[in-house]
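Single-structure report; data block below.
The values are calculated or read from the model by the stated rules, or taken from the named source; none is laboratory data. On a predicted model such as this, the values are computed, not experimentally measured, just so you know. Cβ coordinates were reconstructed from backbone atoms using ideal geometry, including for glycine residues, and neighbour counts include every protein chain displayed.
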Amino acid sequence: MRGLLVAIVGVAIGVGAFLFARSAMNVPVAGPTIIFAPGVELTAELDKLPEGSKPTIRIPLGEDASKRFAEAVYEIPEGGSIVFDEGKYEFDRGFELSKAGITIKGAGQEKTILNFSKQAAGSGGEGIRANGDRFTLEELTVEETKGDAVKVERSNGVVMRRVSTLWHNEGNPKNGAYGLYPVTCKNVLIEYCTAVGASDAGIYVGQSENIIVRNCRAEKNVAGIEIENSKNADVYDNTATNNAGGLLIFDLPGLPAGNGGGHRVYKNTIFENNHVNFAPEGNIVATVPAGTGIMVMATDNVEVFENKVDKNQSSNMSIISFLFTGRKIEDPKYDPIPEGIYVHNNEFTGGGDKPSGAIKALALLIGQPYPDILYDGIVNPQTLVDGKAPAEKRIYIDNNGDADFINLRFDQVEGIESLLDPKKAAEHKEKLVRDLGSVSGEIALRKDPVKIEDVKPQVQ
């Protein structure tokens with residue numbers, strides 16, 4: 001009789017723990033929950049499940065959290081979930097997931113902290129690295145990784161929702177390069193995320209396709225948000241402040257994906273991105289002048305509209321060719337010229353009053369404060385018809401309130417350095433174009449929003 005009572009009590013406790021795990025964690029599990037506490041044999045527990053189960057492995061706080069997480073990552077079946085309790089987890093290694101359909105979830109963006117400050121040398125620089133399709137990460141913070149906080153590669157279907165990445169040592173070039181870092185991916189959704197302190201970009205999407213970045217905040221990074229060599233990104237309702245550069249849309253040479261384009265950047269708030277640029281020397285982002293609001297470099301077919309851009313001390317917005325950087329191009333397929341750019345219905349205020357970096361030298365040429373929108377004026381001479389670019393390859397700037405503009409006509413000079421010569425600067429001043437009428441008009445670009453299959457709009 002006593003044995004029967006013990007068995008009944010044991011079952012009741014087990015069922016209660018299972019139900020508590022489901023309700024307290026608010027995790028939409030597709031299968032049973034295993035509470036992987038210290039002393040639990042995970043493999044044995046998984047072996048008890050029916051074939052094809054998609055379990056949730058819950059990792060409570062406690063000793064050997066790194067070891068238990070590593071084991072869960074290794075053992076989790078496709079379609080399974082790993083969940084963390086509220087609290088701070090101390091990890092001494094990075095973790096790599098390669099299976100499809102995996103979800104990692106915490107108890108809340110400010111409640112579950114995955115801390116990697118004790119990450120050992122040789123254990124992998126990233127905090128979390130994934131390369132399986134349909135990867136989801138949500139409701140937690142990843143902090144103090146030696147390298148990138150979260151890197152996802154070659155995945156189709158990436159969701160990062162309410163995730164923070166953080167380095168506490170502000171402005172340190174030894175901080176990890178990237179916060180949220182999907183690269184060579186398709187169908188990427190990043191929403192309600194926060195990125196702080198990255199030595200390259202807080203939120204970076206590279207060589208990817210079909211992208212949504214929305215309702216995020218980036219601050220105290222070198223670049224707040226960066227879309228690089230990617231196709232069809234919608235970047236909207238984000239805030240970037242106190243970075244060296246707020247929002248960058250770049251195409252760089254030498255990357256397998258080649259040039260990107262087809263982006264819509266709208267309804268973002270980009271203000272006071274005047275942080276010192278602390279990127280390690282040699283990185284391309286190290287050339288971004290501190291005080292940059294929005295920069296479009298070498299990317300085609302970009303529409304920038306309905307943004308609020310304020311008090312970025314170098315320039316509120318710049319449209320430039322990669323040739324502007326003075327770096328050598330060894331990629332014969334690379335197109336360094338931005339074409340088909342449409343900037344309209346934005347609100348530009350303040351800024352341009354304390355330029356830094358390479359464009360500081362322009363002060364002798366154009367005076368201060370700098371205009372809201374800087375265009376280097378470099379075009380591809382092979383595309384010109386009667387001395388003008390075809391309509392679909394032009395730069396259009398229209399209906400931006402009181403914003404002012406300058407075409408630097410750098411197609412007529414060899415590098416900014418040549419304009420340090422007062423005589424040459426004086427001669428070039430006559431070629432500058434400040435008339436917005438020279439770039440007025442509009443261009444038909446992609447109007448349909450990016451859609452990601454099986455992803456519904458998230459209500460905050």
Practice task
Count, please, the residues in the range 186-242 that happen to be in contact with a Ser or Thr (Cβ under 9 Å, 6 or more places away or on another chain) and within 15 Å of residue 148 (Cα to Cα).
Solution key: 13
Exercise for the section: Check 228, 281 and return the single one that is modelled with pLDDT under 95 and of a type in the set (Asp, Glu). Expected result: 281
Problem - Flag for residue 280 being more than 22 Å from residue 221 (Cα to Cα) and surrounded by fewer than 20 Cβ atoms within 10 Å (Cβ to Cβ) - result: no
Exercise for the section: Kindly establish whether residue 358 is small (Gly, Ala, Ser), closer than 14 Å to residue 292 by Cβ and modelled with pLDDT under 90. Expected result: yes
Problem - Residue count for the range 361-392, restricted to those that are within 27 Å of the chain's Cα centre (by Cα) and over 19 Å from residue 404 (Cβ atoms) - result: 0
Problem - Tabulated pairs, the range 245-271, first in contact (Cβ under 8 Å) with a residue 12 or more places away in the chain, second aromatic (Phe, Trp, Tyr) and part of a loop (DSSP other than H, G, I, E, B), C-beta under 9 angstrom, 6+ apart or interchain - result: 251/334; 252/334; 253/334; 254/334; 255/334; 258/334; 259/334
Practice task
Being surrounded by fewer than 22 Cβ atoms within 10 Å (Cβ to Cβ) and touching a residue at least 12 places away in the same chain (Cβ under 8 Å) narrows it down to one of 83, 73, so name that one.
Solution key: 73
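Residue-by-condition table, conditions (1) buried (at least 24 other Cβ atoms within 10 Å of the Cβ); (2) within 20 Å of residue 79 (Cβ to Cβ):
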{"site": "107", "(1), (2)": "no, no"}
{"site": "117", "(1), (2)": "no, no"}
{"site": "128", "(1), (2)": "yes, yes"}
{"site": "131", "(1), (2)": "no, yes"}
{"site": "149", "(1), (2)": "yes, no"}
{"site": "154", "(1), (2)": "no, yes"}
{"site": "157", "(1), (2)": "no, yes"}
